[in-house]
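These notes are about the structure you will find just below.
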Amino acid sequence: MARGNELMLFALEGSRPLGERVAHELGVPLERHEEREFEDGEHKARPLVSVRERDVYVLHSLYGEPGRSASDKLCRLLFFIGALRDAGAARVTAVVPYLCYARKDRRTKARDPVTTRYVAALFEAVGTSRVVVLDVHNLAAYQNAFRIPAEHLEARRLFVRYLVPQLGEQEATVVSPDPGGAKRAEALRQALARALRRSVAIAFLQKERSEGVVRGETLVGPVEGRTAVLVDDLIATGTTLARAARACRERGASRVLACASHGLFVGAEAALAEAALERIAVTDTVPPFRLAAGPSRDKLEVLPTAPLFAEAIRRLHTGGSLVDLLES
């Protein structure tokens with residue numbers, strides 16, 4: 001048990017704004033640390049306060065941005081966790097709102113890497129006690145990759161709170177833009193039906209991806225005269241959402257809304273400006289810095305995750321359960 005059961009929260013550079021919001025929700029200070037760059041591109045990070053026998057949480061969202069790649073952020077987080085353990089921290093939990101390399105969780109071609117598993121091994125090697133993430137691409141692959149406790153939070157309740165006033169009395173269908181998201185779509189459908197106190201339908205869109213090209217137009221499920229709610233774990237180029245939105249409109253959907261946990265928005269402005277797509281909700285795990293002012297940015301609603309992460313940290317620190325955090 002950590003000394004006095006005291007909680008300490010750090011946030012590395014690039015994630016400090018979200019870290020400050022989480023610290024505010026927890027009612028604790030964001031602890032001081034140093035990150036130093038060397039002339040040859042190497043770096044170091046160290047805590048500037050004693051962490052001996054403390055229960056330490058380090059928040060860092062591992063998305064790439066100008067001047068700092070996802071790999072660089074991962075390396076910095078790993079080195080800082082190692083420094084905390086060397087400094088005597090009793091337990092170090094990595095709070096990773098967006099986990100890089102989570103999409104490369106299986107072999108799709110001969111001799112492919114399984115990078116998710118390699119990332120897990122790196123966290124374990126530096127002495128990480130536990131990892132907390134939000135909505136990874138493949139939950140089973142994430143859980144199987146780690147040999148340390150791997151906690152998984154979901155943005156579903158945030159989406160439900162956003163969608164209920166958007167839908168009002170309209171009939172709704174939750175749409176998965178690909179078969180792989182069927183469980184995610186069904187979970188949102190059930191939660192939305194409970195919140196609206198009426199039935200909500202579900203639909204699925206065929207999707208095939210090869211060499212970066214997406215194909216498949218078959219939509220299975222009722223959308224005519226309804227509001228279609230697209231749900232996915234992330235938006236990268238936006239082509240999947242745009243394609244799904246067009247398919248829903250062509251089948252008679254009256255409106256198309258979209259929800260995704262992580263907005264990477266890599267060259268996505270043209271796709272997200274698609275007229276069929278009315279509104280897009282994402283969380284703040286990745287700031288929407290790649291979207292310039294314009295039609296696509298005007299559609300965007302960014303949902304705060306700080307209360308969710310703060311409550312998860314509070315419960316982990318006190319030995320509580322995260323189970324009901326996953327229920328809407």
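Where a number appears in this text, it was derived from the coordinates with a stated rule and is not lab data. None of the values given here were measured: they were computed from a predicted structure. So basically every Cβ, Gly included, is an ideal-geometry build from the backbone, and we count neighbours across all protein chains shown.
By other beta-carbon atoms within 10 Å, ranking 254, 15, 71 with the fewest at the front produces 71, 254, 15. For the chain, the longest principal axis of the alpha carbon atoms and the long axis of helix 306-318 meet at an angle near 50°. In order along segment 65-82, the phi-based Karplus estimate (6.51 cos²θ - 1.76 cosθ + 1.60, θ = phi - 60°) of 3J(HN,Hα) comes to 8, x, x, 7, 7, 4, 5, 5, 5, 4, 4, 5, 5, 4, 5, 5, 4, x Hz; Gly and Pro are listed as x. Legend: Rg and Dmax of segment 156-303, from Cα coordinates, 14.0, 43 Å. By other beta-carbon atoms within 10 Å, ranking 280, 148, 313 with the fewest at the front produces 148, 313, 280. Net length available on complete extension from residue 324 to residue 148 is 61.2 nm, with 0.36 nm assigned per residue and the Cα-Cα distance removed. In this rough spin-label picture, where each label sits 7 Å from Cα along the Cβ direction, the residue 86-residue 166 distance is 4.6 nm. Summary: within the chain, the longest segment free of trypsin sites (Lys or Arg not before Pro) located in DSSP loops with at most 13 other C-beta atoms within 10 Å is 199-328. Any chance you could check the Cα centroid distance between segment 251-320 and segment 136-186 for me, in angstrom? The distance from the Cα centre of segment 251-320 to that of segment 136-186 comes to 13 Å. Between helix 239-250 and the chain there is an angle of about 30 degrees, using the helix long axis and the longest principal axis of the Cα atoms.
Its relative contact order, with pairs defined as Cα atoms under 8 Å and 6+ residues apart, puts segment 156-303 at 19 percent. Would you please name the GluC sites (Glu not before Pro) within segment 23-96 that are DSSP coil residues with at most 10 other C-beta atoms within 10 Å of their C-beta? Listed in order of number, the matching sites are 39, 42.
Quick one: divide the alpha-carbon radius of gyration of segment 57-125 by 2.2 N^0.38 Å and tell me what you get.
1.22
Between the amide H of residue 134 and those of 99, 153, distances stay under 5 Å, these residues lying 5 or more places away or on another chain, with hydrogens modeled in the peptide plane. Using the Cβ-Cβ distance between residue 42 and residue 16 with R0 set to 25 Å, the FRET efficiency from 1/(1 + (r/R0)^6) comes to roughly 0.70. Extending 7 Å from Cα along the Cβ direction at residue 251 and again at residue 65 yields two label points whose distance is 3.7 nm. Computed over every Cα-Cα pair of the chain and binned at 20 Å starting from 0, the pair-distance distribution P(r) comes out as 31, 55, 14, 0 percent. FRET efficiency for the residue 111 to residue 75 pair, using the beta carbon distance and R₀ = 22 Å, is estimated at 0.35.
Computed per residue of the chain from DSSP H runs no shorter than four, each worth -39500 (n - 2.57), the mean residue ellipticity at 222 nm is -9500 deg cm²/dmol. Exposed loop chymotrypsin sites (Phe, Trp or Tyr not before Pro) only (DSSP loop, at most 13 other Cβ atoms within 10 Å): please give the longest stretch of the chain free of them, not including the sites. Longest run free of exposed loop sites: 39-288. Dipole magnitude for segment 1-139: computed about the Cα centre from +1 point charges on Lys and Arg Cβ and -1 point charges on Asp and Glu Cβ, it is near 560 debye.
Checking every one of the GluC sites (Glu not before Pro) in segment 133-191 against DSSP loop status and a limit of 13 other Cβ atoms within 10 Å picks out 169.
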